[in-house]
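A.B. asks: One structure, pasted below without further comment.
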Amino acid sequence: MSESNKVILLVEDNPDDVTLTLRAFKRSHVMNTIAVARDGIEALDFLFARGAYASRAKDPLPTVVILDLKLPKLDGLGVLRAIRADERTRLQPVVILTSSKEEEDLISGYSLGANSYVRKPVDFTEFLEAVKVLGIYWLMMNESPPERKRL
Amino acid sequence: MKISTKGRLATTTALVTIALIAAMILWANKEVEDANNKRRQTTQLTRGLTEVRLVTFEYILHRHERARQQEQEVSSRLQRLIADDTLVEPAQREILEDLRERIATTHRLVEELVPNPETRSDEDKESIRRFEAQLSSQILMLQQDSVANAFRLTDFSTERINAAQRRVETVILFGLGLIALTTVGGAWLINRNVLAPIHRLEQATREVAAGNWHYKVDVGSKDEIGDLSRNFDSMTHSLRMSFAQIERSNQELAALNQEIEAFSYSVSHDLRGPLRSMDGFSLALLEDYGDKLDDEAKDSLQRIRAASQRMGRLIDELLGLSRVTRAELNLKVVNLSQIAREIADSLDQQQPPRAVKWDIEEGITVHADSALIQIAMQNLMENAWKFTGKTEQPRVHIGSLQADGKKECFVADNGVGFDMAYADRLFGAFQRLHHESEFSGTGIGLAIVQRIFRRHEGAIRAQAKPGLGATFFFSLKEPNR
């Protein structure tokens, strides 16, 4: 899989945050496909190729899932729990990107097996920097787990 | 029955017993005296009877006129003596009657004796002699019986004296036994009704003092101690009720507090989202359309960004304040000097560098939560650092002192200080005593500091003068030894 084929799944319900995150990736020269899920259920549908994403059955899993914690229907921690509970996505890299830096959220996130926890800064310049580092790290530096079998 | 009533009863019983014994002794004494009197009289009677017997005998033998006169004299004395009924007990009245009769009869018979039988004829003599011999033996027999009866009367009196004495002994023994019994019974009653309940009450006060609010004395007696224990039980009952009420209120308060915390937490997070959008899209405008905007428009966009960022910081600090409130306390001995030294070192490394002279007393320890005390010291020392920014030779002194037997620590600076008139506003959230253009900051630092010391059941106060610096004194609850 070439670097440009790598897909990032962004799970974020706030359209402003989606726009800004996409903008930040663009400005960091991350040209990869960024799929966006607007709630927890949609995120799981994407990962497990269900419902509207049934056609993805043959496609590889995203390189990294960027997960907000406050989401409609199923919250971020619920999504993470479902990812870790399924054999297919057990090793899926997940980065929590959220407003909260509450100890409780940090502990829950890491206990459920998050690979990283990044807090969204209010200052967009800082946010840009954070997204840039995330992109470089997960797309270029980090080695993904070996290709997993999909149903 | 009340203890005072019991006490009065016991005293009365003892007094009545003593009075009874005294009365018995007096009565027995009188009895003995009376019996002695009677014995003396009966002895007199016996002596009189013996005397009459002697003179009668003499008269029978010699027929002297003197003996006859003596017999008459003694007989009349005896009759006088015996005429008194009180001489004997009613039970012996019969004997007395018998004696009277015998004495009278004896005297009459003596009177019948012929004064001088020698003057009579022989025939007469013979019959007189026979008659007199018969008479004499009758008299002597009567008199012997009388003496025997008199002895019997004496014996009765003696017997009466002995009986009275025996009775006195019995009464004294019985009385002493009663007093001893009263004493022992009183002691037992005092132990059972007074000392034992008092011991239970004392035990109860100790239990309640130790926090066992459910302990009941439950002394059922109707006396003063029963009243006391019932009052004690009702007191602990009301205490328990008020305590339960307080506990309920506390729980409600805690629930309410938690709700407020949860609310402020979620509001703070939700507020950050729009701020991010404001800042992000302002920057997007500047970046994408910067060439089409004039300087004023760019300045406005910059102001929007600055304001958003500032509000973001305010929210972060509010969250910090709420975290300080919610954090669990983990109390241990903390080296304050070391914490201060580390904070001073990190402040010294800030850019641009400043030459603040740190004067940190060695070996200050406090009993506190290490993480929270660190936050408090960070805020206090950052303030000292900040407000000495315009001072010629900035100096910050961290030390401790003993005031009213309590240890107080302090952070003193020689910075701008402030007017003590505003001191009451110092520790309120978002309260500032200086313009932000002069000294940056959100105004929440001291609110966090105060909350930290409050959580430690400690206190913080400030002393300052404009231009001369400020000193913050704080104390923490000392651990119980």
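The values are calculated or read from the model by the stated rules, or taken from the named source; none is laboratory data. Nothing here was measured: the structure is a model prediction, and the numbers come from that model. Glycine gets a Cβ as well: all are built from the backbone with ideal geometry, and neighbour counts include every protein chain shown. Just so you know, the surface numbers come from the protein's heavy atoms only, side chains and all, with ligands and any DNA or RNA stripped out. Shrake-Rupley method; radii C 1.70, N 1.55, O 1.52, S 1.80 Å.
A.B. asks: Which of (1) open to solvent by less than 50 Å² (accessible area, probe 1.4 Å); (2) in a loop (DSSP other than H, G, I, E, B); (3) of a type outside the set (D, E, K, R) is the odd one out, the single condition A:M31 does not satisfy?
C.D. replies: (1) is the only condition that A:M31 fails.
A.B. asks: Since A:A52 meets every condition but one in (1) crowded, with 17+ Cβ neighbours inside 10 Å; (2) farther than 23 Å from A:S144 by Cα, which condition does it not meet?
C.D. replies: (1)
A.B. asks: Among the residues of region A:106-146, write down those that are facing chain B (nearest Cβ under 10 Å), open to solvent by 30 Å² or more (accessible area, probe 1.4 Å) and closer than 14 Å to A:L69 by Cα.
C.D. replies: A:R119
A.B. asks: For region B:219-236, name all the residues that are surrounded by fewer than 13 Cβ atoms within 10 Å (Cβ to Cβ) and in a helix (DSSP H, G or I).
C.D. replies: Scanning region B:219-236 gives B:N231, B:S234, B:M235.
A.B. asks: List the pairs whose first member sits in region A:15-29 and is away from chain B (no Cβ under 11 Å), whose second member is among the small types (G, A, S), and whose Cβ atoms are under 9 Å apart, counting only residues at least 6 apart or on separate chains?
C.D. replies: Going by the 9 Å Cβ cut-off, the qualifying pairs are A:F25/A:G135; A:S28/A:G135; A:H29/A:G135.
A.B. asks: Do we have any residue at all in region B:24-36 that's part of a helix (DSSP H, G or I), loosely packed, with under 15 Cβ neighbours inside 10 Å, modelled with pLDDT under 85 and more than 54 Å from the chain's Cα centre (by Cα)?
C.D. replies: No, because not a single residue in region B:24-36 is part of a helix (DSSP H, G or I), loosely packed, with under 15 Cβ neighbours inside 10 Å, modelled with pLDDT under 85 and more than 54 Å from the chain's Cα centre (by Cα).
A.B. asks: Can you tell me how many residues in region A:101-114 are more than 16 Å from the chain's Cα centre (by Cα) and part of a loop (DSSP other than H, G, I, E, B)?
C.D. replies: The qualifying residues number 2.
A.B. asks: Within the group B:Q258, B:Q251, which residue is assigned to a helix (DSSP H, G or I), open to solvent by 70 Å² or more (accessible area, probe 1.4 Å) and within 14 Å of another protein chain (Cβ to nearest Cβ)?
C.D. replies: Every option except B:Q258 fails the conditions.
A.B. asks: Could I ask something else about it? Evaluate region A:47-57: report whether one residue or more is under 30 Å from B:L318 (Cβ atoms) and either assigned to a helix (DSSP H, G or I) or away from chain B (no Cβ under 14 Å) (or both). Outline the logic, then answer.
C.D. replies: If we filter region A:47-57 for residues that are under 30 Å from B:L318 (Cβ atoms), which is where we start, we get none.
There is no residue in region A:47-57 that is under 30 Å from B:L318 (Cβ atoms) and either assigned to a helix (DSSP H, G or I) or away from chain B (no Cβ under 14 Å) (or both).
A.B. asks: In region A:1-27, which residue that is of a type in the set (S, T, N, Q) and in contact with an Asp or Glu (Cβ under 9 Å, 6 or more places away or on another chain) is modelled with the highest pLDDT?
C.D. replies: Of the residues in region A:1-27, the ones of a type in the set (S, T, N, Q) are A:2, A:4-5, A:14, A:19, A:21.
Now narrow it down to the ones that are in contact with an Asp or Glu (Cβ under 9 Å, 6 or more places away or on another chain): A:14, A:21.
Details: A:N14: 87, A:T21: 90.
It comes out as A:T21.
A.B. asks: Quick one: how many residues across region A:70-100 are within 14 Å of chain B (Cβ to nearest Cβ) and outside any strand (DSSP E or B)?
C.D. replies: 7
A.B. asks: Among the residues of region B:425-481, how many are open to solvent by 60 Å² or more (accessible area, probe 1.4 Å), under 23 Å from B:R313 (Cβ atoms) and either in a helix (DSSP H, G or I) or aromatic (F, W, Y) (or both)?
C.D. replies: 3
A.B. asks: List the pairs whose first member sits in region B:271-292 and is more than 7 Å from chain A (Cβ to nearest Cβ), whose second member is open to solvent by less than 30 Å² (accessible area, probe 1.4 Å) and not aliphatic (A, V, I, L, M), and whose Cβ atoms are under 6 Å apart, counting only residues at least 6 apart or on separate chains?
C.D. replies: B:M278/B:S308; B:S282/B:R305
A.B. asks: Have a look at B:E73, B:E111, B:E159 and point out the one that is under 17 Å from B:R53 (Cα atoms), modelled with pLDDT of 85 or more and open to solvent by 60 Å² or more (accessible area, probe 1.4 Å).
C.D. replies: Being under 17 Å from B:R53 (Cα atoms), modelled with pLDDT of 85 or more and open to solvent by 60 Å² or more (accessible area, probe 1.4 Å) holds for just one of B:E73, B:E111, B:E159, which is B:E73.
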